Amino acid sequence: MAFFTITVTPDLPPEDHRRAVRAGPPAVSSRSDSAALLKRAGFDVVSETDVTDRYLDTARAWIEARDRHRTELEGDGGTTLVEEQRDKRAAVDAIGAGWLRRQLLTAVPHR
């Protein structure tokens with residue numbers, strides 16, 4: 001199995017942890033380490049690769065693309081582009097501050 005996950009950087013001061021949780025995706029609030037969860041589920045973690053730099057590049061590119069296509073996106077009706085862009089910028093700030101990280105994990109069933 002292989003998957004990407006976004007997590008809050010471990011051992012942050014409480015205020016930074018709260019900011020990271022607010023800026024990250026919904027499931028980021030878990031305090032459990034992904035590798036530990038995999039092991040409890042019966043998997044051996046083969047590798048953990050930090051891809052946070054690419055995550056930051058991607059998050060910035062999403063903001064830029066949405067800004068470029070603002071007119072089309074605003075015409076979509078019920079979307080609140082301004083709020084969404086504000087949230088995306090908060091995520092970029094959290095990634096840049098080192099509060100959020102993205103990892104590629106690979107694991108195999110325990111033998």
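Taken over the range 14-26, the criterion of being assigned to a helix (DSSP H, G or I) and of a type in the set (Gly, Ala, Ser) is satisfied by 20, 23. If you go through the range 40-57 and keep only what is over 22 Å from residue 16 (Cα atoms) and free of Cβ contacts under 8 Å to residues at least 12 places away in the same chain, you end up with 40, 41. Within the range 67-82, identify whether any single residue is without any contact (Cβ under 8 Å) to a residue 60 or more places away in the chain, under 24 Å from residue 17 (Cα atoms) and not acidic (Asp, Glu), and answer yes or no. Checked against the condition, which is being without any contact (Cβ under 8 Å) to a residue 60 or more places away in the chain, under 24 Å from residue 17 (Cα atoms) and not acidic (Asp, Glu), the range 67-82 yields no hits at all.
Assess whether residue 106 counts as being within 30 Å of residue 33 (Cα to Cα), surrounded by fewer than 16 Cβ atoms within 10 Å (Cβ to Cβ) and polar (S, T, N, Q). Considered against the rule, which asks whether it is within 30 Å of residue 33 (Cα to Cα), surrounded by fewer than 16 Cβ atoms within 10 Å (Cβ to Cβ) and polar (S, T, N, Q), residue 106 comes out as yes. Take the residues of the range 47-83 that are assigned to a helix (DSSP H, G or I) and small (Gly, Ala, Ser): which is nearest to residue 106 (Cα to Cα)? Among them, the one singled out is 59. Only residues that are part of a strand (DSSP E or B) and farther than 18 Å from residue 27 by Cα were counted in the range 84-111, giving 4.
Residue by residue, here is whether (1) assigned to a strand (DSSP E or B); (2) at pLDDT below 95; (3) of a type outside the set (A, V, I, L, M); (4) surrounded by 11 or more Cβ atoms within 10 Å (Cβ to Cβ) holds:
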| position | (1), (2), (3), (4) |
| --- | --- |
| 12 | no, yes, no, yes |
| 28 | no, yes, no, yes |
| 32 | no, yes, yes, no |
| 38 | no, yes, no, yes |
| 45 | yes, yes, no, yes |
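The values are calculated or read from the model by the stated rules, or taken from the named source; none is laboratory data. Since this is a predicted model, take the numbers as computed values, not measurements. For neighbour counting, all protein chains shown are included, and Cβ atoms are generated from backbone atoms with ideal geometry for every residue, glycine included.
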